[in-house]
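One structure below.
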Amino acid sequence: MRFFRLLTPLLLAIVAVLCFAPAAWAFCGFYVAKADTKLYNKASQVVIARDGDRTVLTMANDFQGEVKDFAMVVPVPTVLQKEQVRVTEPKIIERLDAFSAPRLVEYFDPDPCLAINNSAEMDAAPAPAGAISEARRARGDASLGVTIEARFNVGEYDILILSAKESGGLETWLKRNGYKIPRGAKQLLKPYIRSSMKFFVAKVNLDKFEKSGYQFLRPLQISYQSPKFMLPIRLGMINATTEQDLIIYILSPQGQAEITNYRTVKIPSDANVPLFVKDKFGEFYKSMFQTAYTKEDRKVGFLEYAWDMGSCDPCSADPLSQEELKQAGVFWLDDNSGSNVPVSPSFRRPSPRSSVFISRLHVRYTRDKFPEDLIFQQTANSESFQGRYVLQHPFQGELKCQAGREYKRSLPKRFEQEAQTLAKLTNWNIQDIRNKMKLSVGNLTYSWWENFFSWLGLY
């Protein structure tokens, strides 16, 4: 224990030195809490690892209900073979979520009476198949204009790759073959058929699922080569009665990714907020996101995080290891041991490199505001960005010097600014915020005349 007592001041000193560096000042601090996907009742998650026209797409399953009722129909640009499809572990998506989630950090003001550098730095503290014959089935498929391009099993999933001539025939075929798809699919399937896209169809093989021992459906991962850098979202809106949240993690060897057919804007960030937000960070972030979403007329994608995967500051989770990145679909890493991520036979590994840049995009969408699928582009912009919100603790010790008295007089103005910032970000009632702040800063002591003059607005 004594060793740790001796070590703690050293660690704090190191943090202070790191925070003094101008390049690091904007992000140094201690991570306190994160706004991950657990905040949302229904938040789909997709990981897209892309280099050039090669893509590995991982789809997390947030299906709720009996697994026998599960069906996934995803438009894809090409016919996929078995070696291009695999299942992966949910942990990888959880890791990406934790690493890139918007975060709350805190700083602690130093003693203003100490003879320190007059710079603005702040010290930081820790903080089944049917019974009909195959021939009969084939004749029925042909009459509907549906062709089975490929059929295989991967893990607990039975996979079909379908092509179709018209949407009504595809809808009928899916229903006849036991796929429980919602009403209204016909109209939304039509534009994909017109674009000559194929359909990746997955259903749970109940026997294999029971033998696997898994309690939840694992994410499906597909790899393909296509110039189309897009994500189909319209099929997911068929029976949606409320807004849907979609978190997209785009992994690139270049830089930030953005949406091209809708605006991509940065989530409000780098705001100092009152101390009581520490216990209400989830509530704060949901309100702030909704406010920003409404302000942008509900038709933008928000950038919540953009960073090189090799580092983070402050870190809400450790950066993913090289092996974890491969599991997430990153196929361009230099690998002397052999990757276990299957890719299309047409993939050729480019020259060795280790750079992986992550962009976290958050899209809240409805059919009226997002009538098109999402189209992306990669950029060379490697600027770091994160949704980051700051708690700045005032110094609680005794202040006897002139600098201390001036510091103390400056606090009411600072607290009021934090209250107004919070009200603007969340649309919360300003007076309710002020009332809660009195509780959160109640340990500060003022003399009776300081309280009086502060009330008058003279301090």
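Here Arg183 meets each of (1) of a type outside the set (Gly, Ala, Ser); (2) surrounded by 19 or more Cβ atoms within 10 Å (Cβ to Cβ); (3) over 22 Å from Ile375 (Cα atoms) with one exception, condition (2). For segment 161-185, the set of residues classified as part of a loop (DSSP other than H, G, I, E, B) and small (Gly, Ala, Ser) consists of Gly178, Gly184, listed by residue number. Restricting attention to segment 375-409, the residues that are closer than 30 Å to Val76 by Cβ and open to solvent by less than 50 Å² (accessible area, probe 1.4 Å) add up to 3.
Considering Leu399, Leu439, Leu444, Leu425, which residue is under 23 Å from Lys286 (Cβ atoms) and modelled with pLDDT under 90? So that I can check it myself, show each step before the final result.
Working: Leu399 fails: under 23 Å from Lys286 (Cβ atoms); Leu444 fails: under 23 Å from Lys286 (Cβ atoms); Leu425 fails: modelled with pLDDT under 90.
None of the others qualify; the one that does is Leu439.
Just name the residue that is modelled with the highest pLDDT out of those in segment 186-214 that are outside any loop (DSSP other than H, G, I, E, B) and among the small types (Gly, Ala, Ser). Please lay out each step first, then the result.
Filtering segment 186-214 down to residues outside any loop (DSSP other than H, G, I, E, B) leaves 186-194, 198-204, 206-212.
Next, from what is left, pick out any that are among the small types (Gly, Ala, Ser): 202, 212.
Numbers: Ala202: 92, Ser212: 78.
Applying the filter and picking the extreme gives Ala202.
Residues of segment 146-160 include none that is open to solvent by 20 Å² or more (accessible area, probe 1.4 Å) and either at pLDDT below 90 or in contact with a Gly (Cβ under 8 Å, 6 or more places away or on another chain) (or both).
The values are calculated or read from the model by the stated rules, or taken from the named source; none is laboratory data. Note that this is a predicted model, so its numbers are computed, not measured. Heads up, the Cβs are rebuilt from the backbone with ideal geometry, glycines too, and the neighbour counts pull from every protein chain shown. Just the protein is used for accessible areas: all its heavy atoms, side chains included, with ligands, DNA and RNA removed. Shrake-Rupley method; radii C 1.70, N 1.55, O 1.52, S 1.80 Å.
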